[in-house]
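J.: Quick one: structure below, then a few questions.
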Amino acid sequence: MKRFLPLIILALLAILPLIGLSTYMMHIVILVIMWSVIGMAWNLLGGYCGQVSFGHAAYFGAGAYTAGILYFKLGLSPWWGLPLTIIVVTVVSLFIGFLCLRLRGPFFALATLAMGEVFRVTSENLVDFTGGDLGILIQERTWVEKIWYYYIILFIAAGTFFLIKKVIESKLGYYFVAIREDQDAAESLGINTTLYKTIALCLSGILTGFAGAFYTNYMGYIDPKVVFALHDISIVTIMVVMVGGVATYWGPVIGAIIMVFLAEIIRSIPWLGVAHHTFFGILLIVIIIFLSNGIAGDFPKIKRLFRIRGTS
Amino acid sequence: MSVQIEVFLQTLIAGLLLGGLYALIGLGMTIIMGVMKIINLAHGELMMVAMYIAYWVFVLFHIDPYLSVFISMPLLFFLGVGLQKFLINPVLKVESILPENQVILTVGIGMVLSNLATIFFTSDYRSTPVDYATKAWYLTDYWKAAPFELSLSFSWTVSFIIAVIITILLWFFLAKTDMGKSIRATAQDLDAALLMGVNVKKMRVITFGIGASLVGAAGSLFIPIYYLYPSLGGQFTLIAFVITILGGLGSTVGAIIGGLILGVFESMTATYLGMGWAPVGRFLIFVAALIFLPGGVASLLRRKRFGK
């Protein structure tokens, strides 16, 4: 049963649009799936390999701008951005990895945060190439219906899920966990830590880049402040994983559901809308203090808590 | 030719004055990092809080921003103590997969602070209209035959001087008083300090308070020369972080030198490449420091000392 759970959920998701959800609900579901892709990608690097990145907006934005610039400069369909993003984001990841992977722990985290900001400022200033603050508008949309976007992002998400599962269950995954637990010990056992950290970074970056390229196609408009945003992309990515569960398969998915719905609920209440960062921040603080491994990671703890409440 | 020298010298002066204030911001972060080995990502937001304190004290009670240093420093001290005691200390005890939890926690604190500021004070840009804002000293007023013209802004200079005084007082505190010595002992070796009877827990709380009050002072000094808006924190957190990397992690002298270097470099990029590129210049120097000088300025100083 447990082995087929991903397939069952995938099948259920595949028939989900048939029950006739409203356009708004489809939009929410698409966002949830997109955020799970980003969360799963972050989880590969942060959860399994132990390299906490605060700059995933760099890969997201790189993917989004790959698709955007293809359209803006070359007049090609932005869907070509999806395959091309592999090359672009690999280059970006190697560059960031070369600079930041020499640092450890919190310093890596801050260096990646700085790199994310570098990308934002650079894309704001390279007006001829990226359109600067005006952003890029995709004038002709491929489909009006959301259902095709839904299946595309579902395909990406399913691919991401099974790829990460395969990687984590292979030798590579054990290397990643060894690096997370103790980098020096891993190195002394003959693991080339720099190589494997770079592999994790590239994989994670490419998957995030896919989500970025999809975002350009789906939303039809990007600008540096949106796709390279520190709080709304990089930090929310971390929150998706922290809330859902670090180093678990389903954690990012649970986190994405909670975060997207929370954001939508808060934004829909007029006088609470401005305060959504406060709620995110308080949620983050509460989760870290009480459920440091997230909902999926600390699930036994939650179950125990409720059982004690129930019996006494 | 003399025009180019003039622009260069003027940029240099502006950079040094800015660097003095940056050093104060960097010092707070370095001290927290040295003692607790965590990075306070809410550092810039704490400065934003201090700037709002200085702003409201000025608007409501007409107290000069420079005098508000005496108000914002103690207030920020207590804010820092509270954050450390009630939020960060509980997390230090929790076992989890990722050790970076404390860093992420400070991100959460920063988000809450800057968003609350947006709610209460709106995201308008504010500044304190002090009457000495445009006052400046000119070189030609004192030396008639000067080959070029240089000016020294009054408010920048006063801010710089107060920053230097606070830095000297901090050095005095760390080097000469018992508590300062305990803090330094905790930073060097936590277990040894514990064995020597230092109350490590108390030192941690006080250190966070001092770090916060230093950045609070910086906030009060920045408000006469800068403008204020709720999301300005993130930018200054990054500046503080770049300074700590540049200066060498946990080194106070390094942080001062790092702050000056960053200030000069930033005003140079702003003058010669354009204002928009100043943040990129900031990160260029950061990346260069990571590649060529991973130990920061502190490692250079150490090498020199041991070389002799």
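Computed from the coordinates by the stated procedures, all read-outs in this text should not be read as laboratory data. Since we're looking at a predicted model, the values are computed, not measured. Don't worry about glycine lacking a Cβ; one is built from the backbone with ideal geometry, like all the others, and counts go over all protein chains shown.
J.: Take every Cα pair under 8 Å in chain A that's 6+ residues apart, average their separations, divide by the length, and report that relative contact order as a whole percent.
T.: 30 percent
J.: Go ahead and estimate [θ] at 222 nm for chain A from helices alone: -39,500 (n - 2.57) per DSSP H run with n ≥ 4, summed, over the residue count, rounded to 500.
T.: Counting only the DSSP helices, I get -23500 deg cm²/dmol.
J.: Calculate how large, on average over all directions, the projected area of the Cα convex hull of the protein assembly as shown is; give the answer in nm² to one decimal.
T.: Taking a quarter of the hull surface, the average projection is 34.3 nm².
J.: Bin by bin, in steps of 20 Å, what percent of the Cα pairs in segment B:2-307 do you find, going until the bin that has the longest distance?
T.: Spelled out bin by bin, segment B:2-307 gives 32, 58, 10, 0 percent.
J.: Can you give the FRET efficiency for A:L5 and A:R304, using 1/(1 + (r/R0)^6), R0 = 25 Å, r = Cβ-Cβ distance, to the nearest 0.05?
T.: Computed FRET efficiency for A:L5 and A:R304: 0.65.
J.: Let me ask you something else. Return the equivalent ellipsoid semi-axes of segment A:89-228 as a descending list in whole Å, where each equals the square root of 5 times an eigenvalue of the C-alpha gyration tensor.
T.: Output for segment A:89-228: semi-axes of 33, 22, 9 Å.
J.: Suppose each label sits 7 Å from its Cα in the direction of the beta carbon; what would the B:I161-A:L21 distance come out to in nanometres?
T.: Reported label-point gap for B:I161 and A:L21 is 6.5 nm.
J.: Quick check on chain A: what does the Kirkwood estimate of hydrodynamic radius come out to from the alpha carbon pairs, in Å?
T.: 20.1 Å
J.: As an exercise, find the ratio Rg/Rh for segment A:155-291 from alpha-carbon atoms, using the Kirkwood inverse-distance average for Rh.
T.: 1.02
J.: Then there is this: Taking R0 as 25 Å, what's the FRET efficiency between A:L195 and A:Y249 from their Cβ-Cβ distance, rounded to 0.05?
T.: That gives a FRET efficiency of 0.50.
J.: Shifting gears a bit: Pull out the extension gain between B:Y142 and B:D189, defined as 0.36 nm times the separation in residues minus the alpha carbon to alpha carbon distance; nm, one decimal.
T.: The span from B:Y142 to B:D189 would gain 11.7 nm if fully extended.
J.: Taking each residue of A:243-254 in turn, how many C-beta atoms of other protein chains fall within 10 Å of its C-beta, and what is the average?
T.: Mean shielding count: 1.
J.: Give the Debye-formula value of log10 I(q)/I(0) at each listed q (0.12, 0.17 Å⁻¹), with one equal scatterer per alpha carbon of segment B:1-92, two decimals each.
T.: Calculated log10 I(q)/I(0) at the listed q: -0.55, -0.86.
J.: Also, I was wondering about something else. Take B:S299 and A:L76, extend 7 Å from each Cα along the Cα→Cβ direction, and tell me the distance between the two endpoints in nm.
T.: It works out to 4.2 nm between the two label points.
J.: While we're here: Taking N as the number of residues in segment A:1-160, what is its alpha-carbon radius of gyration divided by 2.2 N^0.38 Å?
T.: For segment A:1-160, the normalised Cα radius of gyration is 1.18.
J.: Also, I was wondering about something else. Can you spot the lysines whose alpha carbon is less than 21 Å from A:K171's alpha carbon? Ignore those fewer than 8 places along the same chain.
T.: A:K197
J.: May I pose another question? Excluding residues on the same chain fewer than 8 positions from A:K225, give the lysines whose Cα lies under 27 Å from its Cα.
T.: A:K73, A:K146
J.: If you don't mind, there's one more thing I want to ask. Is there a simple number for the mean count of other chain Cβ atoms within 10 Å of the Cβ of residues in A:289-300, and what is it?
T.: 3
J.: Could you state the number of Å between the C-alpha centres of segment A:56-107 and segment B:56-94?
T.: 40 Å
J.: Would you mind giving the mean number of other chain beta-carbons within 10 Å of the Cβ of each residue in A:108-117, as a whole number?
T.: Average neighbour count from other chains, rounded to a whole number: 5.
J.: Can you tell me the orientation of helix B:278-292 relative to chain B, as the angle in degrees between its alpha-carbon axis and the longest Cα principal axis, to the nearest 10?
T.: 50 degrees
J.: I've got another one for you. Please work out the FRET efficiency for the pair A:E140 and B:V94, using the Cβ-Cβ distance as r and a Förster radius of 51 Å; give the result to the nearest 0.05.
T.: 0.50
J.: Taking the Cα centre of segment B:2-307 as origin and charging only Cβ (+1 Lys, Arg; -1 Asp, Glu), how large is the dipole, in debye to the nearest 20?
T.: For this selection, approximately 880 debye.
J.: Could you please state, rounded to a whole Å, how far the C-alpha centre of segment B:218-249 is from the C-alpha centre of segment B:267-297?
T.: Spelled out, the Cα-based centre of one part sits 15 Å from the other.
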